[in-house]
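Each value in this text was obtained by applying a stated rule to the coordinates, not by laboratory testing. In this text, all values refer to a predicted model and were calculated from it rather than measured experimentally. In this analysis, Cβ positions are derived from the backbone assuming ideal geometry, glycine residues included, and neighbour counts consider all displayed protein chains.
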Amino acid sequence: MRGRRVASLLAACTAALLAATPTPATAHTTARTAAHTATGSSGVSAKDALRRYTQQELRWRSCDDAQTPASFRCATLKVPLDYDDPGGRQLDVVVSRSKASSPKERRGVLLFNPGGPGAPGLGFPAALETYLPKEVKRRYDLVGFDPRGVGRSSPLSCGLTARELDFERPYHARTFGKDVRWARTVAAKCRAEEGDRLPHITTRNTARDMDVVRAALGESRISYFGGSYGTYLGAVYLQMFPRRADRFVLDSAADPARYGRGTFQGMAEGAEPAFVRWSRWTARRNATYRLGATPAEVRRTFWDIVARADREPLLTGDGLLAGDDIRSARAVFFRVRQAADWVAGLKKAEAGTGTGTVTPTPDPELPPENQIVGLWAVMCGDTAAAWPHDPRQYRRDAVRDRARYPLYGDFASTVKPCAFWKPGSEPATTVSNDARALILQNEWDPQTSLKAARSMHRALRGSRMVTVVGGEGHGVYGAGSCADEVADAYLTTGRLPAEDVVCRASAGR
């Protein structure tokens, strides 16, 4: 049944998103980073070598997608597979665009990325268009793109089976050997199928692709809206191309210092206080849910259900659920009412008086193979050197973190394909700059925690942060909180708040 759980980093277009901090790389440490200024051994500057890409003519056409409004048109850019070898192999990057409605007021382009890594973004601007005020749409061309290796942009495929796609794997001594073989197999299959491209499917190269998009659109600077992993991608762009960045909104921010293995582990750490909060909320409503009159009783009811499901899976509206399946749905506890409804349904299923038809995730199916492969390709390629390579370390960590974080600790810390992945073409990026970005964050976010967003805020020293107290869920913009007003004002005027903003979630959020 775990194979039917939404992969955590990709639920709601996320990150989704270390045991050790990634090896640092700044805008000055590699020839690739200086791609627009360096001179190669041939005596031809990298800027000149990239001219064929930055000055390519875009041919706009229908997006051939029934879900995309007619106002959006699509084009395909060519980008180098390896920015150290711009005359070599190429990749396609497909972009979408809806032009600013007021040419006189037009400021430039607003580029979007929904997260992942591995999530396609071609249709993301169209999905957000409803929430954008007319003032923003008058001033910006709205531009989406599928990152390299994802969706329609030279997509990756490793030939993984449905079972190999599932990485919601709890630690058990009896199955750990199988999980190690699974992680090795995924890494080996991707190396066999895509080994020549994998080293170049990285966040830094996606940032470079964004800069090619900027240049090909004839813009000196770009504005940006990124969610989840897209906040990390945006921060990397700010680090690499600070003078080409205009107004950047980072919604539900990943921790740039823990990107990689720490992305998973941060989810486990954040689930425990959310679970405690849920138990308190539910205990105050015992007359409705009958799960316990005190927080301790509510928690005991839940763990009794898990123990029963471990012995014999429960028949529910979501199918047969074992105890591990129930624990893997840790994200549901960030929305207290939804979680209370769900656990009450599980209790009825346990008693044989119902089937618990409330599904805790928005989509019970795994994402397509390309999105899972995109996740591993980018995250592992970025941070493979920082992952332990000894399976025994994952065993120890999973046992330790199951005790620390009972809901999800072992899921987060057990072995993943990154343990056996070959590093990408360059180290990951250390984010540390004075960029004047705007960070939006819900207090109760299951994917990127408030702690993670604060880390991003510290890394982007010129940024301002809007914290929605009581805000639930992954994704802030468009929910009707004060964050919408602040973001709209920033995009239309360029003015950040004088100081960080804290406000309460809107009613019903």
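For the reader, a short list of remarks on this structure follows.
- Span from the region 455-484 Cα centroid across to the region 180-251 one, whole angstrom: 22
- Close amide H contacts of V466 (hydrogens built in the peptide plane, cut-off under 5 Å, sequence separation of 5 or more or a different chain): I439, L440, Q441, V501.
- Whole-Å distance, taken between Cα centres, linking region 313-346 and region 403-429: 25
- Taking all Cα-Cα distances within region 435-474, those exceeding 15 Å account for 33%.
- Hydrodynamic analysis of region 344-485 uses the Kirkwood radius over alpha carbon pairs. Inserted into Stokes-Einstein at 20 °C and 1.002 mPa s, it gives a translational diffusion coefficient of 114 µm²/s.
- A Stokes-Einstein calculation at 37 °C with viscosity 0.692 mPa s, built on the Kirkwood radius of the chain over Cα pairs, returns a diffusion coefficient of 140 µm²/s.
- Within-14-Å neighbourhood charge of G159 [Cβ basis; K, R +1; D, E -1]: -1
- Annotation: amide H of Y224 within the under-5 Å range of L111, R247, F248, V249, sequence separation 5 or more or interchain, hydrogens built in the peptide plane.
- P(r) weight above 25 Å for region 152-279, C-alpha pairs, percent: 47
- Inter-site label distance for H389 and R243 at 7 Å from Cα along Cβ, in nm: 4.0
- With the helix formula -39500 (n - 2.57) applied to DSSP H stretches of n ≥ 4, the chain reaches a computed 222 nm mean residue ellipticity of -11000 deg cm²/dmol.
- Normalised radius of gyration (Cα atoms, divided by 2.2 N^0.38 Å) for region 228-313: 1.69.
- Rounded FRET efficiency, nearest 0.05, which uses the C-beta distance separating T294 from S506 and R0 of 30 Å: 0.50
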